[in-house]
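Participant: Pasting in a structure now, in structure tokens, and then I'll have a few things to ask.
Derivation of every value follows stated rules applied to the coordinates shown; laboratory data play no part. Remember, predicted model here, so these are calculated numbers, not experimental data. We place every Cβ from the backbone using ideal geometry, glycine too, and count neighbours over all the protein chains shown.
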Amino acid sequence: MTTDMTKVLCAKSHEYFIKEGKSLKMGVTDFAVEQLGDVVFIELPEIDSSFKKGDIFGTIESVKAASELYIPVGGTVIEINEKVIEKPELINTDCFGEGWLIKVKDFNEAEVEEAMTYDEYKEFIEEEAH
Amino acid sequence: MVMGNEKDLKKTALYEEHKKIGAKMVPFAGWEMPVQYANIIEEHLTVRNKAGLFDVSHMGQVFISGKDALNFLQKLVPQDISKLIRGKAVYTQLTNVEGGIIDDLIIYKLDEDKFLLIINASRIYEDVKWLLSNRKDFDVSIDNQSDNLSMIALQGPLASDILENIGLTKENQPKRFFIKKAKLLNIDVLLAATGYTGEDGFEIIVKNEEVCKLWVELLSKGEKFGLKPIGLAARDTLRLEAGLFLYGQDMTENTTPVEASLVWTISKDKKEDYLGKDKILSQINQKDESKRLVGFKMLDKSIPRHDYRIYINNEDSGVVTSGGVAPFIGENIGLGYINTNKPTTIGTKIDIMIREKLHPAEIVKRPFYVKK
């Protein structure tokens with residue numbers, strides 16, 4: 001499955017979201033996945049839990065380490081990707097598609113506006129590296 | 001996620017070679033080291049099934065020589081070094097007067113009055129300081145060659161075949177836990193049949209100026225055997241799966257070899273005094289140590305990590321010192337210390353506190369993995 005990258009919005013903490021009607025689909029960016037290496041464990045929140053922007057909503061573990069996941073836009077969780085809990089390697093193979101993590105509703109449109117586009121995010125990574 | 005950067009790191013003589021083949025470099029013990037070349041799990045399995053090549057040049061090499069070399073070392077470690085025959089190596093620890101572990105190391109007997117100590121990168125400064133401060137009354141020379149020597153490790157079931165293929169017959173290869181001088185591709189090396197992976201293999205000590213040629217040639221000649229370069233991340237999963245300890249995590253100056261469950265490395269009948277002997281023997285005889293290292297495996301899918309707390313019957317009873325995935329055996333495993341007022345026997349059910357929740361685990365036999 002190919003993702004329309006113009007629809008992908010990103011946070012500096014390397015999570016992304018894609019607007020799908022009244023909900024946001026969220027995950028971690030390809031850059032984050034590359035940094036992590038093999039993802040071997042993922043912990044996601046319960047459905048109906050609510051988060052403010054920047055709250056920790058889960059944990060992603062690679063062989064090397066456990067990293068916290070920060071929610072790029074606040075909201076209420078309506079769905080989690082059960083498949084990715086069973087097969088965390090989906091995050092490595094298709095982080096924007098099959099490797100999505102959660103879907104969120106009741107978000108604040110202003111927070112969506114604040115996020116970087118994927119192109120801006122790539123520039124941000126370049127700058128960070130130097 | 002939070003990711004960091006560090007500067008002012010030392011580089012091994014192989015630094016450019018690592019960059020050339022696309023290694024991801026990370027800081028480790030003050031060095032910029034290759035953490036992975038491709039995929040950590042694949043690298044891990046390559047070493048278990050075929051062979052892998054590691055740059056371990058960050059590790060330290062100190063030569064101890066002189067007429068009191070043996071007596072000097074006898075004072076510093078719980079192993080009885082007088083039993084070492086020429087060319088043989090032994091795993092042991094430098095201990096302080098309280099029995100605390102200053103470093104763990106392998107001592108190689110090169111000659112009657114000459115020994116090589118291979119020590120941890122993070123401890124070179126402390127170890128050399130310790131050796132110097134204890135040399136009084138001994139006629140020894142302490143020669144720290146860590147900056148001049150490189151070390152590469154060739155590990156895995158095909159390691160010996162690869163050496164044979166580059167011209168060193170199996171009869172001329174050192175046996176397990178032996179060391180000898182050798183020529184590899186016309187380069188003078190010290191060849192030791194030791195390692196940190198749980199596999200058979202070799203550690204090759206060579207001058208900095210000659211390591212690149214050896215590394216490149218070994219990788220190229222080893223290719224048909226499936227030889228791959230292996231980074232520090234897989235080195236860590238390999239050593240953990242083999243139940244081997246990492247200094248600074250699984251043991252520190254605040255743990256004795258008895259607490260670290262290293263009694264098997266202590267010569268109980270050693271006559272000579274050594275630093276920490278009273279404490280160590282008392283702990284062996286009285287069994288009065290307050291904590292003990294155990295190995296455990298998780299009973300759910302969660303992953304234990306360094307510094308997580310260990311619970312027994314809902315009571316905080318210890319701490320995880322190393323933990324992670326064990327790709328070959330397919331378990332999530334760890335090492336940790338448990339207070340000895342709690343059971344530490346194999347089969348004991350414990351819990352690991354992970355992100356404020358208890359996850360079930362069980363104390364199991366170490367090593368987790370034993371090669372066939």
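Participant: Please give the FRET efficiency for A:GLU34 paired with A:ASP4, using the beta carbon to beta carbon distance and R0 = 25 Å, rounded to the nearest 0.05. Write out the running numbers ahead of the final one.
Facilitator: Values: r = 21 Å, r/R0 = 0.83.
Efficiency for this residue pair is about 0.75.
Participant: Now a separate question. Dipole magnitude of the protein assembly as shown about its Cα centre, charges +1 at Lys/Arg Cβ and -1 at Asp/Glu Cβ only, in debye to the nearest 20? Spell out each step's value before the answer.
Facilitator: Numbers: 65 positive and 81 negative charges, 456 e Å.
Roughly 2180 debye for the protein assembly as shown.
Participant: Evaluate the Debye formula for the protein assembly as shown with equal point scatterers sitting on the alpha carbons, no solvent, and hand back log10 of I(q)/I(0) at q = 0.08 Å⁻¹, in q order, two decimals.
Facilitator: Debye curve over Cα of the protein assembly as shown, log10 I(q)/I(0) at q = 0.08 Å⁻¹: -0.57.
Participant: Okay, next question. Build a GNM of chain B with springs between Cα atoms under 10 Å: which of B:LYS88, B:LYS349, B:LYS136 gets the top mean-square fluctuation?
Facilitator: Looking only at B:LYS88, B:LYS349, B:LYS136, the largest GNM fluctuation is found for B:LYS136.
Participant: Still on this structure, I have one more. Considering the zone a paramagnetic label at B:ASN49 would reach in this model (a point 7 Å from Cα along the Cα-to-Cβ line), which residues of the stretch A:84-114 have amide N under 19 Å from it?
Facilitator: The answer is A:89.
Participant: Could you estimate the translational diffusion coefficient of chain B from the Stokes-Einstein equation, with Rh from the Kirkwood formula over C-alpha pairs, at 20 °C and 1.002 mPa s, in whole µm²/s? Kindly include the intermediate steps, with their values, before the conclusion.
Facilitator: Values: Rh = 21.4 Å.
Roughly 100 µm²/s, to the nearest whole number.
Participant: Let me have the 222 nm mean residue ellipticity of chain A computed from DSSP H runs of 4+ only, each contributing -39500 (n - 2.57), with the sum over all residues rounded to the nearest 500.
Facilitator: The helix contribution divided over chain A gives -6500 deg cm²/dmol.
Participant: Mind sorting A:ILE18, B:ILE152, B:ILE329 by how few other Cβ atoms lie within 10 Å of their own Cβ, fewest first?
Facilitator: On the way: A:ILE18 18, B:ILE152 23, B:ILE329 15.
In order of increasing Cβ crowding within 10 Å: B:ILE329, A:ILE18, B:ILE152.
Participant: Enumerate the amide H contacts of B:SER261 below 5 Å, restricted to partners 5 or more residues apart or on another chain; note that Pro and chain-start residues carry no placed amide H.
Facilitator: B:LEU293
Participant: What number does the stretch A:7-121 give for Rg over Rh if you use C-alpha atoms and the Kirkwood radius? Please report the intermediate quantities before stating the final value.
Facilitator: Numbers: Rg = 12.7 Å, Rh = 13.7 Å.
Using Cα coordinates only, the ratio equals 0.93.
Participant: Continuing with this model, one more query. Can you work out the FRET efficiency for the pair B:SER290 and B:ASP269, with r the C-beta to C-beta distance and R0 = 22 Å, to the nearest 0.05? Working shown, then result.
Facilitator: Details: r = 26 Å, r/R0 = 1.17.
My answer for the efficiency is 0.30.
Participant: Provide the percentage of antiparallel DSSP beta bridges, counting only those with both residues in the protein assembly as shown; round to the nearest 5. Show your work: numbers first, answer last.
Facilitator: On the way: 109 of 114 bridges.
Of all bridge pairs located within the protein assembly as shown, approximately 95 percent are antiparallel.
Participant: For each of B:MET25, B:MET59, B:MET298, count neighbouring Cβ atoms within 10 Å of the residue's Cβ, then give the residues from fewest to most.
Facilitator: Working: B:MET25 18, B:MET59 25, B:MET298 21.
Starting with the residue having the fewest Cβ neighbours, the order is B:MET25, B:MET298, B:MET59.
Participant: Another question, if that's okay. So which trypsin sites (Lys or Arg not before Pro) in the stretch B:147-183 pass both tests, a DSSP loop state and at most 14 other Cβ atoms within 10 Å of the Cβ?
Facilitator: On the way: sites: B:LYS170, B:LYS175, B:ARG176, B:LYS180, B:LYS181, B:LYS183; in loops: B:LYS175, B:ARG176.
Taking the stretch B:147-183 and a limit of 14 other Cβ atoms within 10 Å, the loop trypsin sites (Lys or Arg not before Pro) found are B:LYS175, B:ARG176.
Participant: How high is the FRET efficiency from B:PHE177 to B:LYS357, r the C-beta distance, R0 45 Å, rounded to 0.05? Intermediate results must be reported in sequence, preceding the final value.
Facilitator: Values: r = 43 Å, r/R0 = 0.96.
That pair, B:PHE177 with B:LYS357, gives E of 0.55.
Participant: Report the semi-axes of the equivalent ellipsoid for the stretch B:60-144 in whole Å, largest first, where each axis is √(5λ) for an eigenvalue λ of the Cα gyration tensor.
Facilitator: On the way: eigenvalues 59, 39, 33 Å².
Listed largest to smallest, the semi-axes of the stretch B:60-144 are 17, 14, 13 Å.
Participant: Excluding B:VAL294 itself, calculate the net charge of residues whose Cβ lies under 13 Å from the Cβ of B:VAL294, where each Lys or Arg counts +1 and each Asp or Glu counts -1.
Facilitator: Working: positive: B:LYS291, B:ARG292, B:LYS297, B:LYS342, B:LYS349, B:LYS365, B:ARG366; negative: B:ASP250, B:GLU259, B:GLU289, B:GLU362.
Combined, the nearby Lys, Arg, Asp and Glu give +3.
Participant: What percent do you get for the relative contact order of chain B when only Cα pairs under 8 Å and 6+ apart count?
Facilitator: On the way: 831 pairs, mean separation 65.6, N = 372.
Relative contact order comes out at 18 percent.
Participant: Still on this structure: When B:SER65, A:SER67, B:SER150, B:SER290 are ordered from fewest to most other Cβ atoms inside 10 Å of their Cβ, what list results?
Facilitator: Details: B:SER65 18, A:SER67 21, B:SER150 26, B:SER290 10.
By the 10 Å Cβ count, ascending: B:SER290, B:SER65, A:SER67, B:SER150.
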